[in-house]
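The structure appears below as structure tokens.
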Amino acid sequence: MKLVGYTKDNKENSFKEPVYADSKGVKFTHVVDNRHNITAFKLADLNENEIQKLYLSKKFTVGSKGALVFVGKENYLHYNSAPDAIEEIIHYLNDHSSLDNVNGVLDQSMLLKNRIFSDHFVVDNFVVKMNPDEEQITLSFDFPSPKKETQSKKDTKETGNEVVVNKKESPIPDDKEAIFSNAIKQLNSVDMNFELKLKLRAEERRSKLKTFNYQFKLNQNSSKPKKANE
């Protein structure tokens, strides 16, 4: 389905009902759950003069977030899939605080935003999206690069004419401290399929190896000046 318009009415500064169409041009409206996920498309019993036409090439399917269409003052129009549209609509309302009933519409928008993002939560550096109906979890994450100052600390002390350098290196995180292990522990109340657990553990091993290689190279580079002095 693609978004092809919205139902007409004369009320400005309000959300409109999106109208979709299939490849044959048959019109539909959507049914959404309390997270604004599309649960079904229903045939739209609408005449052409009841639909304001527009077009969005993005595809909408059952299970995806539904579309949002908002019409403001002076021909302002914003439409997109709900997660992409809601922030822009809220910015518009905040920038036009003189609009009639702006507080009511802004409250409606904030409630709608909470619904749209209610299936997202953050676990440490992970952004997790749950789809409980299909028992699936999508994880997206990004590892911060190791900080140089936390990798090697040097204490120096003088003994006669000699300078003794003691290196204190940050230990490689063990299994109990690994990021992925912590994430798995915090997600233990969520049903994860076996394939996802394997992927998490594989990423954990790659992360530990990457950290180990980084520290190994750092140690090699720090020992070269010492050998040169000898």
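The values are calculated or read from the model by the stated rules, or taken from the named source; none is laboratory data. Please read all numbers here as calculations on a predicted model, not as lab measurements. Backbone-built Cβ (ideal geometry, glycine too); neighbour counts: all protein chains shown. Accessible surface areas use protein heavy atoms only, side chains included; no ligands, DNA or RNA. Shrake-Rupley method; radii C 1.70, N 1.55, O 1.52, S 1.80 Å.
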| query | So if R0 is 30 Å, what FRET efficiency would residue 108 and residue 2 give, r being the distance between their Cβ atoms, rounded to the nearest 0.05? | reply | 0.70
| task | Step through the residues of the range 63-77 one at a time and calculate ³J(HN,Hα) from phi using the Karplus curve (6.51 cos²θ - 1.76 cosθ + 1.60, θ = phi - 60°), rounding each to whole Hz and writing x for Gly and Pro. | result | x, 8, 5, x, 7, 10, 10, 10, 10, x, 7, 6, 6, 5, 9
| remark: Expected unfolding gain across residue 77-residue 59 under the 0.36 nm per residue rule, minus the alpha-carbon gap, is 4.5 nm
| Which far-off residues, 5 or more places away or on another chain, put their amide H under 5 Å from the one on residue 8, with H placed in the peptide plane? | 51, 52
| message | Sort 115, 35, 205 by heavy-atom solvent-accessible area, probe 1.4 angstrom, most to least. | response | 205, 115, 35
| Given 8/65; 27/113; 59/208; 65/199, which pairs have Cα atoms separated by over 32 Å? | 59/208
| field | Relative contact order of the range 1-109, defined on C-alpha pairs under 8 angstrom at six or more residues apart (%) | value | 26
| field | Karplus-derived HN-Hα couplings along the range 18-26 (A = 6.51, B = -1.76, C = 1.60, θ = phi - 60°), whole Hz, x at Gly and Pro | value | x, 10, 10, 9, 8, 5, 8, x, 6
| query | With every protein chain in place, what's the accessible area of residue 48 (1.4 Å probe, Å², nearest 10)? | reply | 100
| remark: Counting only residues 5 or more apart in sequence or on a different chain, those whose built amide H sits under 5 Å from that of residue 32 are 39
| request: With a 1.4 Å probe and every protein chain left in place, tell me how much accessible area residue 41 has, in Å² to the nearest 10. | output: 50
